[in-house]
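The values are calculated or read from the model by the stated rules, or taken from the named source; none is laboratory data. Being a predicted model, the structure only gives us computed values, none of them experimental. In this analysis, Cβ positions are derived from the backbone assuming ideal geometry, glycine residues included, and neighbour counts consider all displayed protein chains. With ligands, DNA and RNA removed, areas are computed over all heavy atoms of the protein, side chains included. Shrake-Rupley method; radii C 1.70, N 1.55, O 1.52, S 1.80 Å.
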Amino acid sequence: MRSSQGQTSFGEHVSLAEFLIKLQPHWDGIVANEHEALEQSIRYYKEAFAGGREIDAGNQQIQASYLIAELSRRIGDYDGAKQYFTSTIKVGQEFIYQNRHDQSRTQLARKILELAIEQGRANLQAAKA
């Protein structure tokens, strides 16, 4: 059922967001909207990235760095995004150079590097605006 504000009700609550907001004081880690979910994702990936936990060197490391950069850009943290786009590009270039004789191993890194350069430019433009 939709409310007058266009939200779908959730059980006895006006919306799922209202339900989640009421749970937040009692349950750490609950997010009530997309922005909070993106922030939570960034924190999780930064912790995993910094600790080397669950992220192997190479393509996984490049992917994680790119993901942190892209999520940071999407929430407007342009400085954080710049830091991780730069890291993605640097680590990606090193990985591609070290494995230059194995195209199959560097294919994903090349694609992520291409995206990081493109999105890094977009991030710089957004930061200037």
Self-check item: Selection count, the range 72-94, where residues are open to solvent by less than 20 Å² (accessible area, probe 1.4 Å) and either free of Cβ contacts under 8 Å to residues at least 12 places away in the same chain or hydrophobic (A, V, I, L, M, F, W, C) (or both)
Solution: 2
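Determine which member of the set 129, 50 is more than 30 Å from residue 28 (Cβ to Cβ) and at pLDDT below 95. Full working, then the answer.
Working: 50 fails: more than 30 Å from residue 28 (Cβ to Cβ).
Exactly one of 129, 50 is more than 30 Å from residue 28 (Cβ to Cβ) and at pLDDT below 95, namely 129.
Taking the residues in the range 21-47 that are of a type in the set (Gly, Ala, Ser) and modelled with pLDDT under 80 as candidates, determine which candidate is most open to solvent (accessible area, probe 1.4 Å). Break it down stepwise before answering.
Of all residues in the range 21-47, those of a type in the set (Gly, Ala, Ser) come to 29, 32, 37, 41.
Now drop any that are not modelled with pLDDT under 80, which leaves 29, 32.
Values: 29: 40, 32: 19 Å².
Filtering first and then ranking leaves 29.
Every residue, every condition in (1) β-branched (Val, Ile, Thr); (2) closer than 24 Å to residue 89 by Cβ; (3) touching a helix residue (DSSP H, G or I) at 6+ places or on another chain (Cβ under 8 Å), yes or no:
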| position | (1), (2), (3) |
| --- | --- |
| 9 | no, no, no |
| 13 | no, no, yes |
| 19 | no, no, no |
| 27 | no, no, no |
| 38 | no, yes, yes |
| 44 | no, yes, no |
| 64 | no, yes, yes |
Quiz item: Conditions: (1) on the phi > 0 side of the Ramachandran plot; (2) buried (at least 18 other Cβ atoms within 10 Å of the Cβ); (3) not basic (Lys, Arg). Residue 58 meets all but one. Number of the miss?
Solution: (2)
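Can you pull out every residue in the range 62-110 that is polar (S, T, N, Q) and more than 21 Å from residue 46 (Cβ to Cβ)?
Initial filter on the range 62-110 (polar (S, T, N, Q)): 63, 65, 72, 83, 86-88, 93, 98-99, 103-104, 106-107.
Those that are polar (S, T, N, Q) and more than 21 Å from residue 46 (Cβ to Cβ): 93, 98, 99, 103, 104, 106, 107.
From the list 18, 12, which residue is open to solvent by 60 Å² or more (accessible area, probe 1.4 Å), among the acidic types (Asp, Glu) and more than 12 Å from the chain's Cα centre (by Cα)? Let's see the steps before the verdict.
Numbers: 18 fails: open to solvent by 60 Å² or more (accessible area, probe 1.4 Å).
From the options 18, 12, the qualifying one is 12.
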